[in-house]
Amino acid sequence: MVRHSYHERSMTPEPAIACHVCGDPIADANSAVCNTCGNPFHLRLRNDTEGRDCGDVWINEQFLSLEFACFTCLGGKPSSSTAKEPPVGKGH
């Protein structure tokens with residue numbers, strides 16, 4: 001006799017994951033997990049997309065890997081979307 005297992009799915013939606021920095025809901029497509037605290041945060045994974053950055057990513061030169069950190073762990077605040085980078089030679 002073969003027994004079939006039946007997995008009943010709940011009809012209630014899963015709770016949205018909140019950003020550790022700003023508290024707004026995040027989508028998997030535009031988020032990362034902080035390597036320091038392990039919490040999710042907003043991060044645009046491509047420069048040509050719209051969205052919020054509540055952290056940063058950089059290349060670890062020793063291990064040649066990407067490192068992710070939220071602004072809470074970095075001790076900074078999210079930059080506003082209206083902030084512009086200064087022209088080359090002025091402030092660089």
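Every number here is computed from the coordinates shown, using simple stated rules; none is lab data. Predicted model only: the values in this text are computed from it and were never measured. Counting neighbours? That spans all protein chains shown, and the Cβs are built from the backbone with ideal geometry, glycine included.
State all residues of the stretch 43-74 that are within 14 Å of residue 32 (Cα to Cα) and not in a loop (DSSP other than H, G, I, E, B); if no residue qualifies, say none.
Across the stretch 43-74, the qualifying residues are 55, 56, 57, 58, 66, 67, 68, 69, 70, 71, 72, 73.
Which count do you get for residues in the stretch 16-35 that are crowded, with 20+ Cβ neighbours inside 10 Å, out of contact with any Leu (no Cβ under 8 Å at 6 or more places or on another chain) and hydrophobic (A, V, I, L, M, F, W, C)?
The total comes to 4.
Taking the condition of being farther than 11 Å from residue 54 by Cα and in contact with a helix residue (DSSP H, G or I) (Cβ under 7 Å, 6 or more places away or on another chain), how many residues in the stretch 16-42 meet it?
Here the count works out to 2.
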